[in-house]
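S.K.: Handing you this structure, nothing more for now.
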Amino acid sequence: MIRDSQDVIVKTLSRLLVPFMVIYALYVIMHGHHSPGGGFQGGVILAAGFVLLVVSHGLEQTRKRLSEKAAGVLSSIGVFIYAGIGALCLILGGNYLDYGKLSKLLPVVPAEARSLGILGVEIGVALAVMAVMFTIFLVIFTVGEFQEDDRSEK
Amino acid sequence: MLVKDVICILFMLGSFFLFTTATLGLLRLPDFFTRLHATGKGDTLAALWSLAGLAVYHGFTLTSAKILFIAVFLFLAQPTATHAISRAAFRCKVQPWTLAKGGEK
Amino acid sequence: MILPLDFILILFVFICAVAAITIKDLLSAVVILGAYSFLMCLLWTEMAAIDVAFTEASVSASIGTVLMIGCVAKTKRRSKD
Amino acid sequence: MKILSLITAVLVGAVLIYGTLDMPKWGDPHSPANTHVSPYYLHHSLEHTATPNVVTSVLADYRGYDTLGETTVIFTAGMACILLLRAGRKRRGKGDV
Amino acid sequence: MEVTLLLEATENAFRIMEKARAHALGVLDTAVQFTGEQTRFMEEKRWQVLFAGAQRRKTRFQNFVGTALILFAFWMLLSGHFDPFHLTLGAICCIITAYLFHDLLFANVRVGDMRVVALRFLCYIPWLIQQIVLSNLHVASVVLRRKMPINPQIITFKTKLETDISSITLANSITLTPGTITMDIRDGVYYVHALDQKVADDLNAGEMEDRVAHIFMEADHLYVEDVLDAARIYDALRV
Amino acid sequence: MNDFFLILSVGMCVLVLFCLYRGTFGPGVLNRAAGISAIGTKTLIILLLMGVIYDRIDMFIDISIAYALLNFIGTVVLAKYIETTGEA
């Protein structure tokens, strides 16, 4: 499943479709304020784009864009962004995750600062969800593949 | 009753007819490949017609442009999915139903 | 809330759930679970819970099915009972 | 055994359905959930957070702790998957892959 | 508008580089007149290597800009908010995505006039939709009869199309049009499942293939203007 | 006009029932997958119809785009799995 597909049609179609899928996922993340969606859904669609890339173009092509190690780091960074914004609010003199206090750093009124804080949190959630989903997919689908490689070497 | 309502109703009824025939084909045709003929084509065109009807009904806004984009994605993705699954069946040597062997499924 | 659609969709969800747990072939069960998620998404939409419907759509249409197929691929295809 | 599990499932389902009978009706404006916090959020969400979508503002702002916990759960699940499923590979002596 | 401006800018930069190269080669010519042929050849080689690198970088940059602009148009269509904040967000997202996927959208594109290809493709779509409507009526008429008049069979034919984008256009068109599904493509041979004898005969006439070849300018070696002419000449060549 | 859309979506749901027959009883995985993909297309249309009925189609259209983009991944992965294992 990790090897690239032999099928020209699926390969070409996913080549054309993956960038649009990723930009749509980013749209869902960024426009959680105005339309349905948010970090979780956008992260899942983002992961789906990478999954389609793995299924059609193989693991090697995907590694150039997002390696397993980078995915692991990104999942930590996502949680860190979330907790870090909360801690920043704590440092600035508010409660934990009280985004209104961010207006001391940014040149906006507190309501706008809360909106921006929500956006940052959504980005963190999206990064974490995307990296975790992609990692789980890779882990599940590579467990057997490496055993086969072992057998073929012996 | 506006003109756009009439156009929308015509499109919708046409798409409903096509959906019905596609579903009937899915039920009646004898084997997997012939059933794909029914769903792969009928559903795509029916979806296109209903999307066009909804776009006409909604008027000329950004939302109807999004509806047309859905149509574009469907036209790219639906035949590909049909091809992928029929190719899987073909590679697995699923025997197609032919008139000579008629009757057996 | 649209009452006739509500009853029809609940009936469909029920059919899908029963079919998914009684079937012997696990891959088929995964495929039927895909239909279950479609109908569940319609049910959420019909109750005007758009965010939940979006979550259901995005999760189960892509990642859920793929991960379950992966689990079937790494274990056994046929169920015993 | 199968019969027993079926009977158990039916019994539990019956009890659950009996439990739902006592709940307020769907969309009832006088139910407790619709009288205390919901109107407050619905009225003040836009002026507090400048976010038109109430669901997002509730999820990420008013109930930010919940979402933080959710993210942590997902993160932990991913780490658990990696630890459990990758362990088999190292035992076969291919640690450098 | 911006697309053409940017492309023109890169083109200009490239032309200036080319001029500089020619100038440098002239200077080199006068300089190495006394030092023998060998060194001159070496210098030329080095310039060529440098030049190829620049060429590759230029195509990559053009791909990046093209991908980013297409994605930005898609973003504007999705977003519907045209204030500076959202536009900046969109620009950042598009740049990230284009950086990640710059080689996907334009891979294996033949060097040709994209505008002509797009125009021909737009002219192809109404014909395709007409064919699809006919196909659906065909399937509907088959399904609604009491005794379904079907005679399924698998036919194979070899294509002359070269690039993958044209072959998938052909394959998807075949899947969408009367009673046929592309089952497999192996080394340019199409395996097509046809619902009916008549449909299979229609497909063998190869009109659609000629149209697709005409879109992507792969029938250029036939020296024809009209599609119908292409069909006739292609038939003459095939027999 | 609203009644028309309502009746249409109920009719579409009845069609979903017939596809569901193929999905649950169809012999083999491949027939089931064909039925389920047909359900996917119908779901997309019913979603938009509900959007028109609730008069908030700009909200519902995002879910439909997600379906149009994602519906294809499940089928492709299933096809690839069947192709690699070789048992239909």
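S.K.: So which chymotrypsin sites (Phe, Trp or Tyr not before Pro) in the range B:1-70 pass both tests, a DSSP loop state and at most 13 other Cβ atoms within 10 Å of the Cβ?
M.R.: Listed in order of number, the matching sites are B:F60.
S.K.: Among D:M23, E:M183, which comes first, second and so on when ranked by fewest other beta-carbon atoms within 10 Å?
M.R.: The order, fewest Cβ neighbours first, is D:M23, E:M183.
S.K.: May I ask you to sort D:S45, B:S50, A:S14 by Cβ crowding, counting other Cβ atoms within 10 Å and putting the fewest first?
M.R.: So the ranking, lowest neighbour count to highest, is D:S45, A:S14, B:S50.
S.K.: Take every residue in peptide E:148-155, count the Cβ atoms of other chains within 10 Å of its Cβ, and give the average of those counts.
M.R.: Shielding by partners across E:148-155 averages 4.
S.K.: Could you list B:V6, B:V94 so that the one with the fewest beta carbons within 10 Å of its beta carbon is first and the one with the most is last?
M.R.: Working: B:V6 11, B:V94 17.
Neighbour counts put them in this order, fewest first: B:V6, B:V94.
S.K.: Next up: So which chymotrypsin sites (Phe, Trp or Tyr not before Pro) in the range E:68-101 pass both tests, a DSSP loop state and at most 11 other Cβ atoms within 10 Å of the Cβ? Working shown, then result.
M.R.: Details: sites: E:F72, E:F74, E:W75, E:F82, E:F85, E:Y99, E:F101; in loops: E:F82.
Answer in residue order: E:F82.
S.K.: Further, regarding this structure: When a/c reaches 1.5 or more, the comparison of a/b and b/c decides; with that in mind, is chain F rounded, prolate or oblate per its Cα gyration tensor?
M.R.: Cα axes put chain F in the oblate bin.
S.K.: Longer than 25 Å from Cα to Cα, which of C:K24/C:K74; E:K158/F:K42; B:K93/C:K74; B:K41/B:K66; A:K64/C:K76 are they? Say none if no pair is.
M.R.: E:K158/F:K42; A:K64/C:K76
S.K.: Out of all Cα-Cα pairs in chain B, roughly what percent, to the nearest whole number, are more than 16 Å apart?
M.R.: Tail of P(r) above 16 Å: 65 percent of Cα pairs.
S.K.: Within chain C, which whole H helices from DSSP have a Cα span along their axis of at least 15 Å and a mean Kyte-Doolittle hydropathy of 0.0 or more, if any? Walk me through the intermediate numbers first.
M.R.: Details: long enough: C:3-22 (29 Å, 2.60); C:26-46 (30 Å, 1.81).
Once both thresholds are applied, what remains is C:3-22, C:26-46.
S.K.: With labels modelled as points extended 7 Å from the Cα through the Cβ direction, what inter-label distance (nm, one decimal) is found for E:L119 paired with B:F17?
M.R.: 3.7
S.K.: Cβ under 13 Å from B:F60's Cβ, B:F60 left aside: what net charge do those residues give with Lys, Arg +1 and Asp, Glu -1? Display every interim value, and only then the final one.
M.R.: On the way: positive: B:K4, B:K66; negative: none.
Residues near B:F60 contribute +2 overall.
S.K.: In nanometres, what is the gap between the two model label sites at A:L92 and D:A80, each 7 Å from Cα along Cα-to-Cβ?
M.R.: About 3.5 nm, to one decimal.
S.K.: Let me ask something else about it. Pop the C-beta distance of E:M42 and E:V189 into the FRET formula with R0 = 51 Å and round what comes out to the nearest 0.05. Could you put the intermediate results ahead of the total?
M.R.: Values: r = 48 Å, r/R0 = 0.94.
Once the sixth-power term is evaluated, E becomes 0.60.
S.K.: With a Förster radius of 22 Å, plug the Cβ-Cβ distance of D:D28 and C:L11 into 1/(1 + (r/R0)^6) and report the FRET value to the nearest 0.05.
M.R.: About 0.35, to the nearest 0.05.
S.K.: How far is helix A:8-30 tilted off the main Cα axis of chain A, in degrees rounded to 10, range 0 to 90?
M.R.: That helix lies at roughly 10 degrees to the long axis.
S.K.: Where in the range F:38-74 does the label zone of F:D3 land, with the point 7 angstrom along Cα→C-beta and an amide N cut-off under 14 Å?
M.R.: In the range F:38-74, the label zone of F:D3 (backbone N under 14 Å from the point 7 Å along Cα→Cβ) covers no residue.
S.K.: Moving on. Could you tell me which helices of chain D pass both thresholds, a Cα extent of 18 Å or more along their own axis and a mean Kyte-Doolittle hydropathy of at least 1.6, with helices taken as whole DSSP H runs?
M.R.: The answer, listed by residue number, is D:2-20.
S.K.: So if R0 is 45 Å, what FRET efficiency would C:R77 and D:D66 give, r being the distance between their Cβ atoms, rounded to the nearest 0.05?
M.R.: It comes to 0.70.
A short reminder: the numbers here are calculations on the coordinates, not readings from a lab. Everything quoted here is computed from the prediction, not taken from an experiment. All Cβ positions, glycine included, derive from the backbone under ideal geometry; neighbour counts span all protein chains shown.
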